[in-house]
1. Based on this model, can you work out whether Gln153 counts as modelled with pLDDT of 95 or more, on the phi < 0 side of the Ramachandran plot and among the polar types (S, T, N, Q)?
2. Looking only at residues in the range 100-113 that are more than 16 Å from the ligand (Cβ to nearest atom) and under 21 Å from Asp170 (Cβ atoms), which one is nearest to the chain's Cα centre (by Cα)?
3. Residues that are assigned by TED's automatic domain parsing to the domain that holds Arg125 and within 29 Å of Asn183 (Cα to Cα), at least 1 per element: which helices (runs of 4 or more DSSP H) completely within the range 1-100 meet that?
4. Show me the helices (runs of 4 or more DSSP H) entirely contained within the range 190-257 in which 2 or more residues are open to solvent by less than 70 Å² (accessible area, probe 1.4 Å) and away from the ligand (no atom under 13 Å from the Cβ).
5. Within the range 171-189, track down each residue that is more than 10 Å from the ligand (Cβ to nearest atom) and touching a strand residue (DSSP E or B) at 6+ places or on another chain (Cβ under 7 Å).
6. Out of all the residues in the range 11-32, which are touching a helix residue (DSSP H, G or I) at 6+ places or on another chain (Cβ under 7 Å) and aliphatic (A, V, I, L, M)?
7. In the range 124-131, is there at least one residue being part of a strand (DSSP E or B), polar (S, T, N, Q) and in contact (Cβ under 8 Å) with a residue 40 or more places away in the chain?
8. I'm checking my understanding of the structure. Among residues of the range 258-295 that are touching a helix residue (DSSP H, G or I) at 6+ places or on another chain (Cβ under 6 Å) and not in a helix (DSSP H, G or I), which one is surrounded by the most Cβ atoms within 10 Å (Cβ to Cβ)?
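The values are calculated or read from the model by the stated rules, or taken from the named source; none is laboratory data. No experiment lies behind these values; they were computed from the predicted model shown. Here Cβ is always computed from backbone atoms with ideal geometry, including for glycine, and neighbour counts include all displayed protein chains. Ligands, DNA and RNA are excluded from the accessible area calculation, which covers all protein heavy atoms including side chains. Shrake-Rupley method; radii C 1.70, N 1.55, O 1.52, S 1.80 Å.
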Amino acid sequence: MNIVVLGPGAIGSLWAYSLHQAGHTVALYSKQEHDKLPLQLDGNTPITLANNQPVSLQNADVLLVTVKAPQVIPALEVLRSDLHPDCIVVLMHNGMGTAEIVASRLPNNPLVLATTTHGALRQSRHQVLHTGQGSTQLGGYNSKGNQCDFLQQVFAHALPDVYWNENILDALWLKLAINCAINPLTAIHQVKNGQLADEAFKPTLHQLLDEVHQVMTCEGLTLSRNELNTHVYNVIQATAENRSSMHQDICHHRLSEIDFITGYLIQKAHDHQLDVPSNEALYQQIKRIEKSWTS
Ligand code: PAF
């Protein structure tokens, strides 16, 4: 297949390299201005991929969007005129809220959502390390996207394990809940994920998850409060040595994904007339930190 990866950061580069090795024609769209970019995964042979070539987009069967949530809409806006209406658009990022907008701006394209637990680290512009074996879930967002379950095999062949999830929004909500619990707290306190297992964070995590669970229940999810707790503490343990993406963004004075994580939760809470004061407080704290760089 002809596959374009939009946003070859750590996860995008991991997929670009793996899909290329699986025999697909892979091209990149990135902030870098060169026509071609070298890419190396771990100690494997480096490859060279086309970059920012409108012809790659015009011929693309799949556009895998791996930019962070705040960049999804602006990046797609620039490319939209070159995108074939049959091209399958796959969104793979932390947070929620972009799919609604993409579906309205690209009404004819099949839209598929993805979430992955693979770990990847960009060592340099052209080198990426696969730091943690994980799994990926894909699922349709619109009716054309629902017919794209064959993508499970395409993606699994490149980087297993991959599952087709008929209820992908449930998987995205669970990931959102995990991100609401881990990301703002680790960013504000500048701690690794594992430190959230300390007794001192227990009451705050408890309140955050009570609120998140109420919103999830109103959204129709059937996960119990205990199951949610188990999922969150499992991720805290499994990623104990990691700095969360928001922690890294805040350290590097980059705008975080807070609007698409806690911000999305707050918006949904308001839709259901629910109060989420603990999440609201963390949202405001992250916003204050971000504002302090520009004032
Ligand atoms: O955003 C992140 O960093 C990750 O989604 C997670 C699961 C919190 C692990 O660090």
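1. So Gln153 fits the description; yes.
2. Val112
3. 10-21, 69-79
4. Filter on the range 190-257 gives 202-218, 225-238.
5. Scanning the range 171-189 gives Ala171, Leu172.
6. Result: Leu19, Ala22, Val26, Ala27, Leu28.
7. Scanning the range 124-131, I find at least one residue that is part of a strand (DSSP E or B), polar (S, T, N, Q) and in contact (Cβ under 8 Å) with a residue 40 or more places away in the chain, so the answer is yes.
8. Among them, the one singled out is Ile261.
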